[in-house]
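The values are calculated or read from the model by the stated rules, or taken from the named source; none is laboratory data. Being a predicted model, the structure only gives us computed values, none of them experimental. In this analysis, Cβ positions are derived from the backbone assuming ideal geometry, glycine residues included, and neighbour counts consider all displayed protein chains. For accessibility, only protein heavy atoms count, side chains too; no ligands or nucleic acids. Shrake-Rupley method; radii C 1.70, N 1.55, O 1.52, S 1.80 Å.
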Amino acid sequence: MGTVTIDATSIENMIENALVFCIRKTHFPNREEALAAIRTGDCCACSYLRYGLSVEVGAYLGGIDTSVRAVYTYEPEQCTGVGGLGGAEQEGMGGINLIVSADRRSAALSSIIASLEDGFSEARDGLVCSKANGSCYVLDVKVADEQEVASRRGYGALLSSLYVAPLRVWPRSD
């Protein structure tokens, strides 16, 4: 894989596609009303947007790196047993948490992930509401290589967990 530059347009396209998904799911009549709902604290719309962004980032990573086998989204709070929060408080904790199942770890994949994380931190300003705690649209991507998945170590263990099953948002169809 050669040098990859992730420009603001790629990030904007991912956000726009995720917003279209959010509009379809929430039945808002247009983009402006969906964004207004997100900015005023509609956690349901926000959740759909975050899920849409998970799908977009997964497709981007899978399309750019052939070692990526699948991409999963998960809620870290469920994985660590942190509980006791309810309603909007728990929704606001979220962020976009992904696990990339890959054949191998590589510096190139790590670099792409770091660039995406930086790009999303710059682009999220127009998406946060007054209830946001700063992590609502933080992109956090972990990589589990083939050995970790097979031996159920690290984030590879989470992929086969009976208790906290992450949701596959992008599969490679070979």
>> Suppose the filter is over 15 Å from Ala132 (Cβ atoms), modelled with pLDDT of 95 or more and either surrounded by fewer than 13 Cβ atoms within 10 Å (Cβ to Cβ) or among the β-branched types (Val, Ile, Thr) (or both); does Val82 pass it?
In response: no
> When the stretch 143-174 is examined, which residues are found to be open to solvent by 60 Å² or more (accessible area, probe 1.4 Å), within 30 Å of Gly119 (Cα to Cα) and either assigned to a strand (DSSP E or B) or hydrophobic (A, V, I, L, M, F, W, C) (or both)?
Replying inline: Ala165, Leu167, Arg168, Pro171
> Tyr72 passes all but one of (1) assigned to a helix (DSSP H, G or I); (2) open to solvent by 10 Å² or more (accessible area, probe 1.4 Å); (3) within 14 Å of Gly95 (Cα to Cα); which number fails?
Replying inline: (1)
> How many of the residues making up the stretch 105-135 are without any contact (Cβ under 8 Å) to a residue 60 or more places away in the chain, open to solvent by 40 Å² or more (accessible area, probe 1.4 Å) and over 20 Å from Asn13 (Cβ atoms)?
Replying inline: 5
> What is the one condition in (1) within 14 Å of the chain's Cα centre (by Cα); (2) at pLDDT below 80; (3) over 16 Å from Cys136 (Cβ atoms); (4) not β-branched (Val, Ile, Thr) that Gly62 does not satisfy?
Replying inline: (2)
> Pairs, please: C-beta under 8 Å, at least 6 apart or cross-chain, first residue farther than 27 Å from Asp65 by Cβ and in the stretch 5-29, second exposed (fewer than 15 other Cβ atoms within 10 Å of the Cβ) and not hydroxyl-bearing (Ser, Thr, Tyr)?
Replying inline: Ile23/Asn30; Ile23/Arg31; Thr26/Cys44
> Is there a residue being modelled with pLDDT under 85 and more than 12 Å from the chain's Cα centre (by Cα) anywhere in the stretch 8-15?
Replying inline: yes
> Residues in the stretch 11-57 that are open to solvent by less than 30 Å² (accessible area, probe 1.4 Å) and either β-branched (Val, Ile, Thr) or in a helix (DSSP H, G or I) (or both): how many?
Replying inline: 18
